[in-house]
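Working notes for the structure below.
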Amino acid sequence: MNRVESKSTYERRKSREKTAIPLNEKITLKRHIGLFSGITFIIGMIIGSGIFISPKGVLRETQSVGLCLIIWIICGFVALLSALCYAEIGTVIPLSGAELAYMKEGNCTINYGTVDQSICNIGIGSVHARTGDILAFVFSWANTFIILPSTAAILTLTFSTYFLSGIMDNCGPPAELVKMTAIFAIVVLANVNAFSVTAANRLNIVFTLCKVVTILVIVTAGLVRIGQGYTENLKHSFHGTTNKPLRIALAFYSGLWAYSGWGSLTTVTEELKNPKKNLWLSIVVALPIVIVLYVLTNISYFTVMTKSALLSSNAVAMTWGEVVLGSVARVLPILIALSALGSANGLTYTSARYCMVSARYGYLPEIFSYIQKQRLTPLPGIIFQTILAIIYCIPSDIEGLINYFSFVSWLFCGLTFVATLCCKFTKRDVLRLIKVPIPLVIFIILISIYLVIAPVISYPNIGFLIASIILLLSLIVYYIFIFRQVQPKFMKKLNGSIENFFNLTKSDINIET
C-alpha cells in the first residue's frame, strides 16, 4: 500500500535529487584556494618545529654566529628557488601527487593508453618499465617508509621535549618519558584523524594560531632587546667559523629542515584558483616573509644566549624564554609544543592520503586505497603510518632523524629539479607564467647533489646505509610486483579480511583532473 509523502519528506527527496552528482559526471576537487589563502597555507606549513630545534644544529656545524645567520638566509633562498622550480613544473604537469606525478611524467613522454588495472588502479597510462615510472615508484616507497614517518617522529619528539620541559623542573625530562609521550601523541592524533575529519581540521586551526603567536612573541621581544642594547653576542660574529666545507652540508640540513614545506602548495594544485598565476605568486610572497621571521628569530636567540649556552641547551626557545619572559616563560614551551603537535597533526592528515594516492597508482597494496565507510577516512594509511612513526621514535635522536630524513628528501628533490629541466625541452610548448632560468635550475640540482653526498662522506653512519638499503629494496619490489606483475595469492584474502574487519570501501574519487 502506497503511503502519501509528507511535504517535508518530499522536499528533502527533491533536494537530494538536485544535489546528486550524475553518474556520468567526473568528480573533481573544487578550486577554493585563492592568492591570500595560498600565501597563508605555505607559511602555516613551513613554520612548525624546525625554527625551535634547528638553530642548535646550524650553530654547531658553523661554529660562529655570523655564518649561522648567513646559512639561515641562504637556506631561505634555496627554499625559494626550489619552490619556484616546483611552481614551474606544477603548472606544466597540474596533476595530483606533486613529486610523485612530476617524476612519473616529467622524466618521460606521457603515454595515454589503456590502463592495466592489475598494475595500476587508476593510472594515467599504460605502466611500463620506464625512467619516470621507476623514479615515481622509488619516491613513493621512500616517502612512505622513510620521509613521512621519520618527519612525524621528529615533530612528536619535539612536542614531547618542549611540553615536558614546560611542566617539569629544570633537570629536564628523562629520555624514556620523552619517547613515551611522543608515542602517546602519535596514537592520539591517529585516533582523531581516523574518527573525524572535522575534528582534525579544527585542531589545525587552533595549532596554527599557536604557531603565529609563538613566533611573533620571540621576534618582537628580540627587537626590543636589540633596542635596549643587548648585542654583545652579535659582535665579532665570525669568530671561530669552521674551515671544513663538508660540515656546512649538515648545517644546511638543519636549516632547510626548518624551511620544509616550501613545496606544500604544489600538493593542492587542483584546489588552487588560477594555478598558473597564484602558485608562483604565493611562493614569492610567502617565502621572503618566512626568511625574515626566521632570521629575526635567530637574532632574538643570540640577544640572550652565547654560542656555548645555545649549544648546551636542549630546548633553545625555552632557555630564551626563561631570560626574557621570566615567570611567564612556562607558557612558551607549551606554545612551541602545540606548534610542533599541529604540524604532526597536519602530517598525519596528509600522509594517510598520500598512501591512498600511491595505492591508486598501484605503488602500494590496494587496501591502502580504501576508506572507512562511516567516517570516510583513509584508515589503513593512518594505521600504517602510525606504526612506522612509533618505530622511528625509538632512537629519539631528533638531529639524527633530520639528517636521515634530509638525505632521502633532497635526493628526490634533486630528481624533481631534473624533471623540471627535462620539461623545458619535452614540454616547451606549454604556457608558463614563470620560467626559472636553466642555469638556476642546474645550480639547484648541484646543490641537491651536494646535500646528498657531502654528509655521507663527512659523517658516514648507519642511518645513511639503512636509507640506501630501503631504496635498493624498492627496485627489487618494483621489478617483482610492477614490472613482472607478480600478485601474491594471499593478498586478495588479506585485503578482504582487513576490509571486513574495519568496514572499509574502495575510494572512487579520481586523484587526477
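The numbers here are math on the coordinates, done by the rules we state, and not lab data. All values reported here derive from a predicted model rather than from experimental measurement. Quick reminder, even Gly has a Cβ in these numbers, built from the backbone with ideal geometry, and neighbours come from all protein chains shown.
Counting every other Cβ atom within 10 Å of each residue's Cβ, 156, 426 order from fewest to most as 426, 156.
Maximal additional length on extending the residue 323-residue 308 stretch stands at 3.8 nm, based on 0.36 nm per residue less the C-alpha distance. Multiplying the residue separation of residue 479 and residue 188 by 0.36 nm and removing their Cα-Cα distance gives an extension gain of 101.0 nm. Going from the fewest other Cβ atoms within 10 Å to the most, the residues 358, 196, 308, 343 appear in the order 308, 196, 358, 343.
At a threshold of 8 angstrom on Cα-Cα distance, excluding pairs fewer than six apart, so keeping six or more, what relative contact order does the stretch 29-506 reach in percent?
Details: 713 pairs, mean separation 155.9, N = 478.
Reported as a whole number, the value is 33 percent.
Could you tell me the center-to-center distance, by alpha carbons, between the stretch 447-487 and the stretch 209-259 in angstrom? That distance is 33 Å. One chain, two ends: residue 440 and residue 177. Fully extended at 0.36 nm per residue, the span grows by 90.1 nm beyond their Cα-Cα distance. Under the simplified labelling scheme, the residue 202-residue 285 pair shows an inter-label distance of 3.0 nm, with each label point 7 Å from Cα along Cα→Cβ.
Counting other Cβ atoms within 10 Å as a rough exposure proxy, the listed residues 225, 202 run 202, 225 from fewest neighbours to most. The chymotrypsin sites (Phe, Trp or Tyr not before Pro) of the stretch 185-239 that DSSP puts in a loop, and whose beta carbon has at most 14 other beta carbons within 10 Å, are 238. Over 25 Å between Cα atoms: which of 276/506; 104/373; 211/277; 373/493; 179/506; 277/424 fall into that group? Correct reply: 276/506; 104/373; 211/277; 179/506.
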